[in-house]
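Student: The structure under discussion is supplied below as structure tokens; questions concerning it will follow.
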């Protein structure tokens, strides 16, 4: 079935490609420029007799249906420019038109409220753009905590002792979501589980979230979705200095400093500083274990950007992270109890250095034609212990991506092609006698075609080939289709294949934190999955206010998956290649609506059907709610901003415990529960004061750890986390900005 789907996918790409060339014979294409040669987006073009029209895209290109008869008059209009009417007796070639600004322009003040989340109407794949406003609707200390006000991404705790939060999409673990920074792969390998903790929300300019497989340009690893992070741009950021201080009732303290250290005509640079700490021992459920570990994190980054103004651009920089975590039993003493059975403790020492460089050249007079090179190197080391079990991991990663882009057939369609190389060297030690080493070397090539029929239809087809030194050739086809059924209703369909190589222990920390013995197959094959989905987006307008209603349907089918089986034997975890089927079905219905000036609502319902064939039979995926209801209310009035988020989580299947002693058994499903978060902000000049609460109803899971009173018994298990552990958290914070006068005066 998969082979037939693959063959049909490739055939469809060629059929659409052929059809597009036929479409061109029925349309007028061209480009609109200013006198200085710069493209002009958003220009309206209309045949006066037929009243059919279109608009230019971000690069000034347009496609317009042929008039029903000649001679025909074309009206060209854009606010701030002279309106022209051109008469044609015939049109044979692509048009290049020049428009001029009005000689006299009165100053106009435009006041608009930025939305926290925007669904792009331009992208072929459905993309949610999370703006800086979204990151101020909650504390958003780091990116793993920045999705509490988002319905697409789920957030959960990885286990009951490390305090690590994991993001999930389409009912699948976060390891199946490709995370990039500036479209360069990151948060992967050994640093996968903790990587989002190292991206402070204050540093982020925007985040793009997309479901399903993404572009082949970014690699073969995306299966459930992509999260792309963009840091603040030193050329465009409006602040010279940005300060943020945060504290909560648990004793957690954070401070951020962002400074534009240099800004010239061609060069600009920004410095990022972050520190965060929690030093109190917190045990609200009185099970003898800290609900959250103590920690101290230091984070530093510096980015430089260069624009020659003649087509050449470059970015480069570094980020350094130093993170120390201490947790476990409240009475644990690091000096006397470490790696002994006197008391259970955990310690995680993380060091990470990241270097990156991006260069690009846009050909003179052809802004659609460019070549770019992306490179990133990461060194990551984790020195840790969990009870009496040590884990030491070290990773050296390098990846490079060379991309060429141009347009063809009357400069309407886009073609991308390039080559990539990924190198990973892993060294891991678990206990004293289990050593693992692996070196991956993966050269690859890819191509992607974007075909357009005006602004109505877009098709993106891509194919990449990667030669993995350990697992052979990866063939990755992907196809995305967008069609505007009406002016306000858009249909999107997409599908493709994804691969990933498992890093078992850092991706499944509960294997290390619990006492279960691990029984694993000797050889793991790469995980391979097909993902396909459909999305309908309807624009709405109520009382002159805009909104969107969207319906998303997705399915993921695994050809192979590394199954972590906790149901076959309650004192062992079996890890093996998939034997049978594993799939995830997802439905999401969402309504985003503005009601009146300053008031917005976001409502969503999600349904998951995620099942895997285990040794005991086909079961639902554990700890995933089949049903979730999400409500977000945001209101701005004067200097005040109010934000409330409500989440209702349905029952979650729990791993089987019927073979345990009676006092260590758990029910088959968790109860349904809800969580409410809220925040109030007050802004005066360049100061922003905020106060808020998480889990205001103080709902807590009282028994997240099995055999908490005997942590070295074979039944000790930290992986039964289905709800909040800590309870209510209240916080206050201050943001202070010093504007960059040079930017503000532009």
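The values are calculated or read from the model by the stated rules, or taken from the named source; none is laboratory data. Note that the structure is a prediction, hence the values are computed from the model and not measured. Cβ placement follows ideal geometry from the backbone for every residue including glycine, while neighbour counts extend to all protein chains displayed.
Student: So which residues in the stretch 237-261 are surrounded by fewer than 19 Cβ atoms within 10 Å (Cβ to Cβ) and touching a helix residue (DSSP H, G or I) at 6+ places or on another chain (Cβ under 6 Å), if there are any at all?
Tutor: If the condition is that a residue be surrounded by fewer than 19 Cβ atoms within 10 Å (Cβ to Cβ) and touching a helix residue (DSSP H, G or I) at 6+ places or on another chain (Cβ under 6 Å), then 238 is the only one that fits.
Student: Another question about this same structure. Got at least one residue in the stretch 498-510 being crowded, with 20+ Cβ neighbours inside 10 Å, modelled with pLDDT of 95 or more and more than 30 Å from residue 717 (Cβ to Cβ)?
Tutor: yes
Student: A further question on this structure: Pick out the one residue from 179, 175 that is modelled with pLDDT of 90 or more, in contact with a helix residue (DSSP H, G or I) (Cβ under 8 Å, 6 or more places away or on another chain) and assigned to a strand (DSSP E or B). So that I can check it myself, show each step before the final result.
Tutor: Details: 175 fails: assigned to a strand (DSSP E or B).
Result of the check over 179, 175: 179.
Student: Can you tell me which residue among 377, 461, 393, 418 is within 24 Å of the chain's Cα centre (by Cα), buried (at least 17 other Cβ atoms within 10 Å of the Cβ) and farther than 30 Å from residue 54 by Cβ? Write out each step before concluding.
Tutor: Numbers: 377 fails: buried (at least 17 other Cβ atoms within 10 Å of the Cβ); 461 fails: farther than 30 Å from residue 54 by Cβ; 393 fails: within 24 Å of the chain's Cα centre (by Cα).
Of the residues listed, the single one that is within 24 Å of the chain's Cα centre (by Cα), buried (at least 17 other Cβ atoms within 10 Å of the Cβ) and farther than 30 Å from residue 54 by Cβ is 418.
Student: Within the stretch 700-733, track down each residue that is more than 30 Å from residue 565 (Cβ to Cβ) and either over 29 Å from the mean Cα position of the chain (by Cα) or in a loop (DSSP other than H, G, I, E, B) (or both).
Tutor: So the first thing to find is which residues in the stretch 700-733 are more than 30 Å from residue 565 (Cβ to Cβ), and the list is 727-733.
727, 728, listed by residue number.
Student: A further question on this structure: So which of 502, 528 ends up being more than 30 Å from residue 343 (Cβ to Cβ), in contact (Cβ under 8 Å) with a residue 12 or more places away in the chain and part of a loop (DSSP other than H, G, I, E, B)?
Tutor: Numbers: 528 fails: part of a loop (DSSP other than H, G, I, E, B).
Sole residue among the options that is more than 30 Å from residue 343 (Cβ to Cβ), in contact (Cβ under 8 Å) with a residue 12 or more places away in the chain and part of a loop (DSSP other than H, G, I, E, B): 502.
Student: Of the numbered conditions (1) closer than 30 Å to residue 691 by Cβ; (2) surrounded by fewer than 19 Cβ atoms within 10 Å (Cβ to Cβ); (3) at pLDDT below 80, residue 139 satisfies every one except a single condition; which is it?
Tutor: Every condition holds for residue 139 apart from (2).
Student: Let me ask something else about it. Within the stretch 505-521, can you find the residues that are within 15 Å of residue 561 (Cα to Cα) and in a loop (DSSP other than H, G, I, E, B)? Break it down stepwise before answering.
Tutor: Step one: filter the stretch 505-521 for residues within 15 Å of residue 561 (Cα to Cα), giving 507-508, 520-521.
Correct list: 508, 521.
Student: Please list, ordered by first then second residue, the pairs with beta carbon atoms under 8 Å, 6 or more apart or interchain, first in the stretch 538-557 and free of Cβ contacts under 8 Å to residues at least 12 places away in the same chain, second surrounded by 13 or more Cβ atoms within 10 Å (Cβ to Cβ) and part of a strand (DSSP E or B).
Tutor: Matching pairs, first to second residue: 541/547.
Student: List the strands (runs of 3 or more DSSP E) that sit entirely inside the stretch 538-640 and contain at least 2 residues that are in contact with a strand residue (DSSP E or B) (Cβ under 6 Å, 6 or more places away or on another chain) and buried (at least 18 other Cβ atoms within 10 Å of the Cβ). Spell out the reasoning first.
Tutor: Numbers: elements: 545-560, 562-565, 572-577, 582-596, 599-614, 617-620, 627-637.
Because the criterion is at least 2 residues that are in contact with a strand residue (DSSP E or B) (Cβ under 6 Å, 6 or more places away or on another chain) and buried (at least 18 other Cβ atoms within 10 Å of the Cβ), the strands (runs of 3 or more DSSP E) in the stretch 538-640 that meet it are 545-560, 562-565, 572-577, 582-596, 599-614, 627-637.
Student: Scan the stretch 641-653 for residues that are surrounded by 19 or more Cβ atoms within 10 Å (Cβ to Cβ) and within 21 Å of residue 722 (Cβ to Cβ) and jot them down.
Tutor: Those that are surrounded by 19 or more Cβ atoms within 10 Å (Cβ to Cβ) and within 21 Å of residue 722 (Cβ to Cβ): 645, 647, 649, 652, 653.
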